[in-house]
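Values in this text are rule-based calculations from the coordinates and carry no lab data. No experiment lies behind these values; they were computed from the predicted model shown. Cβ atoms come from the backbone with ideal geometry, glycine included; neighbour counts cover every protein chain shown.
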Amino acid sequence: MPKRNRQSFLHGALILSAAAILTKIIGALFFKIPLQKINETAYGYFIVAFNIYIPLYTVSTAGLPIAVSRMVSQSLTLGNYRDVRVIHRVANRLFLLTGTLGTIIMLVSAFFYPDYIKIPNARLAMIIMAPSIMFCCMVSSYRGVYEGSRNMIPTAVSQIVEVVGKLLFGLALAAGALNLGLWQYNNGHAVYGRIAESADKALEYSLPYVAGGGMLGVTIGSFFSFAYLYLRYRRYGNGITKEELSSSPKPQNPKTIFRALLRFAVPVAFGTLATQLSNLIDSVSFQKCLAVVVENSGDIIRDIYSHAFSVKKVEDINAFLTGNRDIALTLATLVPNITLSLGISALPVVTSAWELRDKRQLKNMVSTVLRITLLISLPSGLGLTALAKPILTLIYDPVVAEVAGPQLEILGLAVVFICLIGPIYAMLQAMGRADVPAKIVLIGGAIKLFLNILLVMNPRINVIGASYSTLACFTTMVALSLVYLRRMLGTSIHWRSIFIKPLFATICCSAAAWASNGLLSKVIPSNAAVIIAIVIAIFVYILALLSIRAIEREDILMLPKGQKIAQILAKYNWIG
């Protein structure tokens, strides 16, 4: 077996971040956006299914990936190499069970949930997506082992394999379903078993199958991801060498491993359940409140979005507004999906420091994670707020920018807090306090539910109210999480280097973006103006960071070739 490939915290985070960026670009620019352009109403059906899939999948894994990663890291730190194989075998059996249950629940819910939210055409997409829960659960087992070993490459590759499979098959099947329906109508056949009196009716009857085709691509992609990890593990194993195995003590009994896994997984599972319950309540309450306000105050909604509805010829208002909300959420969650890799990469390092009672390393790691998260999230979030409509116009048509733009302006502020919550939770879990996130999430979920009902039910606010509730929810959760994190560390955190310096650079960056876009759009095409404004903002941000020495030497040293990079930056007095 080859020697275990271990990366530093930041090196591992860079690998996962690069994969996350690539998968998000492929997923958003080459899958979601083309799927939206095929038909926005069909995309709304797709999102309804996806909003149920995400909580079910996360509940099915039930904190086990984090438990596996932590236990593997703990075993490697203590030299119990033989335990790693036992942990993986036990985890595989648990994931097989939970994945099967999740798939069954998804199938059953497909027969009543779409009717409850008055979008029955989402049923087919939900049914087709159900098997992907099983594949993704099995993928999580393998990823947990590799991440706990501080080898992030298999996780990164599996993410890329998954999104490429989704892209190739999802778009082809969605477009094929649409073309088949139109071909059936043009040739005098029934459109998917129904007689269509007009081309508009033929399109309407085709849309559930368009969403189903896109969803089938998701299921195929998840299968390819599992197949890659399974074959890689069979070929290369987990990277533990024969010498390490021979020096390792006798492995623990599988029952002992199972109990230990559950002892840690159960508190994490409660946190996961609380998170997904909160997300599910948010999704259901939003869609139900939107359905009620459209039914009771439809004239006001139509008046507010009259231009968009007339241009798009919208019939299903709920699906249209749901789809546009997801467009804003898709852009808002790009960066949090990247910064989540910081928490994944930090978990085994923090676990090791916690097991060895190394308080100094623990404090340094927490400070580093928070600082790097803010260095990424602050400019990204406030940049989205400053350029929300121009960015949407760059990618979509002006009608989408008109509807989703105000939502993205608010969600841009929320991005900062959404980015922080994942890494903070990962560090709390690495320190053995997996119960804390569950308590905090329940508080945040209650705030979100209350504000959804209060704001979305107001016809003058409607869908934008969900963005305000998201901002309030995550701001509260981050504040409470930082209080607990400080208690665990037993010492204060240096907020000047962590927060104040990145904030100053971000203000300079956002001001440059807003001003340059406003000026340039008067003399050159708007699309070119926003691209140049983004480039200027990035340049200003980097210059501001270097001028106030917001980047620490320890951060640079964790990078590949970090020593050489640090020497160059130190020569010009650009690092702290």
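A few points about this structure:
- Using the Cβ-Cβ distance between A479 and R263 with R0 set to 35 Å, the FRET efficiency from 1/(1 + (r/R0)^6) comes to roughly 0.75.
- Relative contact order (%) - the stretch 9-252, alpha-carbon pairs under 8 angstrom, separation at least six: 29
- Computed over the chain, the per-residue total of -39500 (n - 2.57) for DSSP H runs of n ≥ 4 gives a 222 nm mean residue ellipticity of -27000 deg cm²/dmol, rounded to 500.
- Unit charges at the beta carbon, dipole of the chain: most positive-side option, L229, A404, T506: L229
- 19 Å reach of a label modelled at S306, 7 Å along Cα-to-Cβ, counting backbone N of the stretch 428-471: 459-463
- Each label was represented as a point 7 Å from its Cα along the Cα-to-Cβ direction; for K250 and Y236 these points are 3.3 nm apart.
- Calculated FRET value between F504 and T100, using beta carbons and R₀ = 56 Å, to 0.05: 0.60
- Stretched out straight at 0.36 nm per residue, the stretch from A511 to A190 would grow longer than its current Cα-Cα span by 109.9 nm.
- Linear extension gain, I538 paired with M488, 0.36 nm per residue minus alpha-carbon span: 14.4 nm
- Helix 64-78 and the longest principal axis of the C-alpha atoms of the chain enclose an angle of approximately 10°.
- Helix 199-236 and the longest principal axis of the Cα set of the chain meet at an angle near 10°.
- One Cα centroid belongs to the stretch 409-459, the other to the stretch 284-351; the line between them spans 17 Å.
- Cα long-axis angle, helix 317-332 against the chain (0 to 90 degrees, to the nearest 10): 30
- The structure shown yields percent of Cα pairs over 48 Å apart, and of the options [x] 16; [y] 30; [z] 12 that calculated value carries the label [z].
- Contact order normalised by residue count of the chain, Cα under 8 Å, 6+ apart, percent: 18
- Listed residue pairs exceeding 20 Å between alpha carbons, taken from K363/K448; K118/K288; K389/K501; K24/K288: K363/K448; K389/K501; K24/K288
- Put the Cα centre of the stretch 66-83 next to the Cα centre of the stretch 484-557 and the gap is 38 Å.
- Note on E197 and R357: the extension gain reaches 50.3 nm, defined as 0.36 nm multiplied by sequence separation minus the Cα-Cα distance.
- Put simply, when 157-165, 68-76 are sorted by average Cβ atoms within 10 angstrom per residue, most first, you get 68-76, 157-165.
- The amide H of V191, built 1.01 Å from its N in the peptide plane, has A196 as neighbours under 5 Å, considering only residues 5 or more places off or on other chains.
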